[in-house]
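The values are calculated or read from the model by the stated rules, or taken from the named source; none is laboratory data. In this text, all values refer to a predicted model and were calculated from it rather than measured experimentally. Note that we place each Cβ from the backbone using ideal geometry, even for glycine, and neighbour counts take in every protein chain shown. What goes into the accessible areas is simple: the full protein's heavy atoms, side chains included, and nothing from ligands, DNA or RNA. Shrake-Rupley method; radii C 1.70, N 1.55, O 1.52, S 1.80 Å.
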Amino acid sequence: MPYSSSLTDKEWAIIEPLLPQKKQTKPPKWTKRQILDGIFYQLKNGCNWCDLLCIFTALLNMERCKSLVKNFE
């Protein structure tokens, strides 16, 4: 178990049957357990500010572009 937020085998045995089964067209890149472990890790540890900065910078730039377009209309 690599992280404290990772599912134990006991927890996974309870959760796995509750997940929807999908017809597989190709092998998945990640298992459902890996996906849930990633979600739980993110929920427990949050996100780095530098990651948020990239998102907000992109949004800010989009708003600037929109205002520039409006000024030309």
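All other residues with a Cβ under 10 Å from the Cβ of TYR3 taken together, and with Lys, Arg as +1 and Asp, Glu as -1, what is their net charge?
Working: positive: LYS44; negative: ASP37.
Here the count lands on 0.
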A chain fully extended from ILE35 to GLN21 at 0.36 nm per residue, minus the present Cα-Cα distance, gains in nm 3.6 nm
Hey, can you rank 25-32, 39-46 by average C-beta count inside 10 Å, highest first? 39-46, 25-32
ASP9 - accessible surface, heavy atoms, 1.4 Å probe, Å² rounded to 10: 110
